[in-house]
Structure formats: C-alpha cells, structure tokens
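The values are calculated or read from the model by the stated rules, or taken from the named source; none is laboratory data. Small disclaimer: the values here were computed from a predicted structure and weren't measured. Here the Cβ is made from the backbone with ideal geometry for all residues, glycine too, and neighbour counts use every protein chain on show. For accessibility, only protein heavy atoms count, side chains too; no ligands or nucleic acids. Shrake-Rupley method; radii C 1.70, N 1.55, O 1.52, S 1.80 Å.
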Amino acid sequence: MAMVAQHQQHRETTSSSSSFKHQLDNGKYVRYTAEQVEALERVYAECPKPSSLRRQQLIRECPILSNIEPKQIKVWFQNRRCREKQRKEASRLQTVNRKLSAMNKLLMEENDRLQKQVSQLVYENGYMRQQLHTNSAVTDASCESVVTTPQHSLRDANNPAGLLSIAEETLAEFLSKATGTAVDWVQMPGMKPGPDSVGIFAISQSCSGVAARACGLVSLEPTKIVEILKDRTSWFRDCRNLEVFTMLPAGNGGTIELVYTQVYAPTTLAPARDFWTLRYTTSLDNGSLVVCERSLSGSGGGPNAAATTQFVRGEMLPSGYLIRPCDGGGSIIHIVDHLNLEAWSVPEVLRPLYESSKVVAQKMTIAALRYIRQIAQESSGEVTYGLGRQPAVLRTLSQRLSRGFNDAINGFNDDGWSLMNCDGAEDVIVAINSTKNLSTSTNPSNSLSFLGGVLCAKASMLFQNVPAAVLVRFLREHRSEWADFNVDAYSAASVKASPYGNPGMRPTRFTGSQIIMPLGQTIEHEEMLEVIRLEGHALGQEDPFVSRDIHLLQLCSGIDENAVGACSELIFAPIDEMFPDDAPLIPSGFRIIPLDPKSGDSKDALVTTHRTLDLTSSLEVGPSTNQGTSDTLGCQNTRSVLTIAFQFPFENNLADSVATMARQYVRSVINSVQRVAMAISPSGLSPSVSPKLSPGSPEAVTLAQWICHSYTYHLGVDLLTSSSVVGDSLLKDLWQHQDAILCCSLKSLPVFIFANQAGLDMLETTLVALQDITLDKMFDEAGRKALFPEFAKIMQQGFAYLPGGICMSTMGRHISYEQAIAWKVLAADETTVHCLAFSFVNWSFV
C-alpha cells in the first residue's frame, strides 16, 4: 500500500509539473511574486519592448526570474504594454468627457442668455409698437444705455468707502456682461464653438465703445489663472507697462488696486494709449474668483503729465475675468474686454483699428485665453520643444522680440529715443537712442559698451488689395528678394564679443539661401519662433575655417490665410551662433495690419486701386475724401497698413553715416516689398487692356490721348510740340515722335501693349508681335536692377527719370540710350492706372 501511495504521489507531482510547463508553452497566465513584478517593472521603465536577447539577459541577471520561461516574460511585457495603452486611453476619454461636459455647460448657459435676450427684444419690440400706436414719444431703453459707464467724480475715489462702492458697481456691471444680457453679443466671425475649439467668442454688435467676450475650459486652478491674467505684460504683447499705485483690502479677502497701464501703438501713425483704472479682485459665494476693472475719472488721475505726453488717455468700461472651478479639475473662464479707444485721435484711414470689436477680440480677449491654454498644456507636459529650450525661455524670447519691435516703432522719449534730422517731410523716419542698454547679460563677453547706441529707421504705408498673410509668408521664405546680407552682417556685429569680430568687415559672399530651424510654436500654430541661418563664405584666403554664417532669431505670426488674427508679423534679430538665453536682441521687421472698413463707408474709404501710399505725409486727422474708382473694385476694397522698422547699432563717431545708410536701406526694402506686393496682388494693378491695338483703331487713339495727357499731368511739360492736336492727329504725331515710346501692362509679368514707330524700330519687331514681348526681356541684369527699384517711385509720384544704359532688341542687338523717362498712364477718370509708359531718348544700336 505504501508503494502504491508513493507511486500515486509521484504521478500527481509529474502531472502538476507537466501542467505548469504546458501553461508556459501555451503562454497562459502565471502568478508572479512581488519581487518578480518589481524586477520586470524596472526593466519596463527603461525599455517597454525588450528584444529576445534582452529578455534572456534579464533571466541570467535576476535569479528570482530563473524559473520563468523567456516566452512567458515576453507575454508579460505584451500584457503590460496593453494595460498601459488602455490606461492612457481611459485617461484621455475621461479628459475629453470632462471637456465636453464643461463645453456643454457653457453652451447651455449661452443658450439661456440668448433666450433671455430674445425675450427682452420681444418685450422691447412690443413696447415700441404700443408707443408708436399711441403716437407717444418715449426714450429708448435699449441695452446700449445699460452698458454706458456712469461718470464718477474724483470725490468718490478719494476714500476707501468710495472706492469700494465703485468696485461693487463695477463687479455687478461686469457680471451682467459676462453672463447676462447687458451687451448684444454676436458670434465672432470665423470662430465657431466646438469640442476642438479654444472657446466661445463673441463681439459687441451695438454698444458704447468696442467690446469682446470669450469663455472656455482650461486645465489650471483658478488662483493660478488669476495670477497669470493680472500680469498683463506677460500675455498682452501690446502692453508696455502696468504699475499698481495703491492696494487696499476689501471684503471676502479681496483687494482694490489703482492701476496705470500703457499700451503700445501698432504703427508709427498713431499715438500710444494709457489707462487709469480701478481693479477689483474678489471671490463669489459659489467659489468663483473675479477680477474686474474700469477707468476712473475719465482723462484725469494717474502719473504726472510729463510722463504721459506721448499717450492718449483711453477709457476701460467694466471689464474683467470670471474664473469658476470645474468639476473634475480645471476652470471655466469668462473674459470681457470693453474699451473706448478714442478713435478721433488717429487718421481717418486707421480708425477701423480703434472702432472694431473684432480687433479688440483678436489682440486681447482671444490672446488671453490662448496664453492660458498654452501655459496649461506646457505645465502638463503635452507640449515639448526642440534644441533643449524650456517653454518659459522661448516665451521670454518671443516677448523680448515683440517688445523690442514695439519700442522701436513707438520711440518713447523716456526710453531715450529722439528724432534725428526730421523736418516732417521724410518718408522714412530715423530715431536715435544713445542710452539704450543692449546687453541684458551679466556676462562680460556680451558687453556692448563699444557701441554708441541704436538707430531706428521706420515707415508706415498703405497697401490696397494685398493679402497680409501671403505677403509675410513670402518675406519669410524669400529673404534674398528684399534683404541685403551685408547689412545683416553689419547688424550681426552687435552680438559679437568685440568690434573686431564684425563679419561685415571681411570680404564675404553670401549664397542667398537660408536654413530655418524651428524652436517652438504655439498650440494653434498662429505664432512660430525659429532660428534662421544665412550661409556665407570667405572670398579671400584669410581665416578659411572661420564661420561667416549669420544667425537670426525670428518670430513669425499670422501667415495662415484662414486663421483669425489681428495682424501678420515678421520680427527678427541677429544672434550669436552660441545663442545664450540672455543674448542681447535688436529686433527689426514688418507688421501688416488688415483694415476692415466699417459697414456703409466702404466707398469713402476706397483709394486708388493697388496704389501704395506714404501715410506720413498724405494723411491728416479729419474726414476722409472720396476717391473715385471703377465699379469692379468695390468687392476688392481690402486695405492693410504696413509698418517697417529696422534697428542698427552704431559707434559714437559714425552716427550720421549709419543714419544715411539706414534711411537708404529701408527705402530699398520698401521698394522691394512694394514690388512683391504688386506681383502677389490677386487682380493685378490695372484693368485688362485690349489685346490688339492697330495704329488706326479707336483704342489706339484713346491710348495716345491718355499717354500725352498723363505725361503733361505728371511732368508738367507737353510730350508733343503741338499740345492742341486731338484724335487721329495726336496719334499721328505720337506715332512719328523721334524718341522711342513704349507702353507695358501692369501685371505680375508686364508685357508691351503699344509702341510708336521709333519704339518698334528699336525693338526690331511689329505692332502685332510686340504684345508677346515681356518687359524683363528688354533689359539686361544691370538694367533690371536699375528699373525695378524705381517702380515704387513711379507709383507714388507718377514718374521717374532713369539713367542711360543698355537694352536689347528682339534680334539680340544691344541698344544704348542717353536717358529714359517712365510715367503712369491714367485713364479718363485720372484715378485708375491703365499702364506704364517709357520714353527712350537718343537711342541707337551699339
């Protein structure tokens, strides 16, 4: 019996061992000890998917895993990866569900608000009908009167009780705008709410001043959001300075502050704004936090008058932030910005910038919510950047570029800026700053003490029918089309350790190519920070291994045509190739701001089609004039203001020379940008001309009249000796004129449309074949370089004298001429540019 029992026990042991081995072979679950799981987790943290060799090495190195087969370990890692994937997916779904629940709550609240607004409008409509029926004169009690800010006397602000009364009233009015019906809100154009959107955006339809509102979900705690939003200089790029003068305690642990704020002007054509406000921070019974703000005493109050001479006092009507804790974490934010920007103080053409709720929404309201979401995603680790730069460092670099560019445009006296040799008639303004401290580093190697200061050459211009996003994108991608790399090399010397490191002092050849290295971008890709490398090579044998490349730190925004943005910008500054975080920056660049005309005044706002104007001399504060245009241009009434500012370091004894160089360089950049804008304009510079012009046709007679009249109109002298001839006689005299006269269309690739007999002889062609010849085929490289910069001058003043040179006929023969005159040919209304005309004086074959 004992032997039978022993045999039976041996069979059971063998069967159990075989079953365990069978389970291992089939990859079935095996219970691991805590020590085994800990060892496997350590390996998983380093390598979630180990190779076969790594698994075998793991078994050899860990004795506690010696009884586990490699195949079973492979199964464990597969299951571990699957569980990790399921956990992440569950977490993602929970986050999406919380966001959808919060957005649904916001939409329900918005729906309730709209229903209340509809009820109010129905009531007002019925009330007005009743009053009209009884012929009673009543005063309209619309919502516009509700949002009008009552004026407070200085007496109210002279004691804490008065300030608290104003603060409580500001809180009530702000909440009525953020969640109530105090303002007639309409959806922001191009910004539709949805689960993937930043938030819900609205602008005012009819109220005092301009107002915008936003609400959205952010994964940050309310106290952190309040801290960020109150630091307006960190997220509002146009905020120059914010200073708290007085702080008083209020109920519920809140505070009352008297705040002075300065806001940059976006162009050189308008003064900056400042605000003197009361800011009230408090908490509500439901746990929400509120920061609300309004102006005090209109134009009074604030710092002394001497510090605010370059500012126009704006008014902030009750505005602020409502931050509510959200179930499951995060916060729901309501933002309201309501301003009166005193549009009377800017030229008429710029008033849309100061009378548009859409611009306020883009520059302030949406910017605030985007910045909060950016911080939230960076804090959670959802956003990572290359080249080892921390998000906070990249944000600081972007802010320094933007602030430096705004400082250059505004040129405040208290920053040390003053105008240089400016009589008010210059197209390019040059300002000098001899006190500017360019170095923000404590490292002596970054010292710029050898410099005398910084010069800024700047100008603002009006463009017609030029897409801002397309133009900035072209300027970014094709730098060689407008920039002089030798000037870039000179500017790059400002970040060298010594003046002897100036690459501009050595013979260098630049390839014209650029390499764009991205640093980071905002979560919606509306702004990009990047490093640009311009490749250069030494011409001589000295220092063959020294790098001649130029590096630029560049900020680009608004290049997406479909995005909703306030402006398009390209701002850059030379940097050292080592690129320390505290490198000195001298920003230059371009800013293009679209001008949306107010409804009903589009005709008054029109200017001559595609004409580029210098606003510094042609615009005055006052009503605009009506410029006639053809009917076909009504649908193309889009305008933009281009502001250019370039900064140049200088040594003390070279200020005048650098100023002359800066003015000439900026003028050449303006000419290049105008030429680019002319080429990318959607509809060309003039209406299409007749494809065939025979010498005796009515079209040729009309064109001859326009050519002669425009010549007299622009140059003040008659093109023909007998100015009284008309019709066929005028065409005959023009046809027989001794100088070669040619006309070309104003398209992206100009072609000839007319020539007199001398012009046909010079080009060795016929009138029919003439219209297959483009303008660029007529000139060699030197001739094109001399002609193209003059296009802007021709479009501005109507004509230009070109120096003598060489051109080429269609037969390949060279032609010399003593002088050429180019002028705009105007149509009968004297506002539409029909084509360009050229007169070549004393030409001959070489």
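Working only within region 525-553, note down all residues that are surrounded by 14 or more Cβ atoms within 10 Å (Cβ to Cβ), assigned to a loop (DSSP other than H, G, I, E, B) and either over 22 Å from the mean Cα position of the chain (by Cα) or at pLDDT below 80 (or both).
Once the filter is applied, which keeps residues that are surrounded by 14 or more Cβ atoms within 10 Å (Cβ to Cβ), assigned to a loop (DSSP other than H, G, I, E, B) and either over 22 Å from the mean Cα position of the chain (by Cα) or at pLDDT below 80 (or both), region 525-553 yields Ser547, Arg548, Asp549.
Return a yes/no flag: does region 274-281 have any residue that is surrounded by fewer than 22 Cβ atoms within 10 Å (Cβ to Cβ), at pLDDT 90 or above, β-branched (Val, Ile, Thr) and farther than 30 Å from Pro594 by Cα.
No, there is no match, as no residue in region 274-281 is surrounded by fewer than 22 Cβ atoms within 10 Å (Cβ to Cβ), at pLDDT 90 or above, β-branched (Val, Ile, Thr) and farther than 30 Å from Pro594 by Cα.
Determine whether region 764-771 contains at least one residue that is open to solvent by less than 30 Å² (accessible area, probe 1.4 Å), charged (D, E, K, R), more than 24 Å from Asp484 (Cβ to Cβ) and touching a Ser or Thr at 6+ places or on another chain (Cβ under 7 Å).
No; the residues of region 764-771 include none that is open to solvent by less than 30 Å² (accessible area, probe 1.4 Å), charged (D, E, K, R), more than 24 Å from Asp484 (Cβ to Cβ) and touching a Ser or Thr at 6+ places or on another chain (Cβ under 7 Å).
Filter region 307-321 for residues that are of a type outside the set (Phe, Trp, Tyr) and modelled with pLDDT of 90 or more and give the result.
Applying the first criterion (of a type outside the set (Phe, Trp, Tyr)) to region 307-321 yields 307-310, 312-320.
Within region 307-321, Val312, Arg313, Gly314, Glu315, Met316, Leu317, Pro318, Ser319, Gly320 qualify.
Might you check whether a residue that is among the small types (Gly, Ala, Ser), out of contact with any helix residue (DSSP H, G or I) (no Cβ under 6 Å at 6 or more places or on another chain) and assigned to a helix (DSSP H, G or I) occurs anywhere in region 226-242?
Yes, region 226-242 has at least one match.
Check Ile794, Ile806 and return the single one that is touching a strand residue (DSSP E or B) at 6+ places or on another chain (Cβ under 7 Å), open to solvent by less than 50 Å² (accessible area, probe 1.4 Å) and in contact (Cβ under 8 Å) with a residue 12 or more places away in the chain.
That would be Ile794, the only listed residue that is touching a strand residue (DSSP E or B) at 6+ places or on another chain (Cβ under 7 Å), open to solvent by less than 50 Å² (accessible area, probe 1.4 Å) and in contact (Cβ under 8 Å) with a residue 12 or more places away in the chain.
Sort out which residues of region 49-99 are within 30 Å of Cys326 (Cβ to Cβ) and either surrounded by fewer than 11 Cβ atoms within 10 Å (Cβ to Cβ) or modelled with pLDDT of 85 or more (or both), and write them in order of number.
Hits for region 49-99 are Arg83, Glu84, Lys85, Gln86, Arg87, Lys88, Glu89, Ala90, Ser91, Arg92, Leu93.
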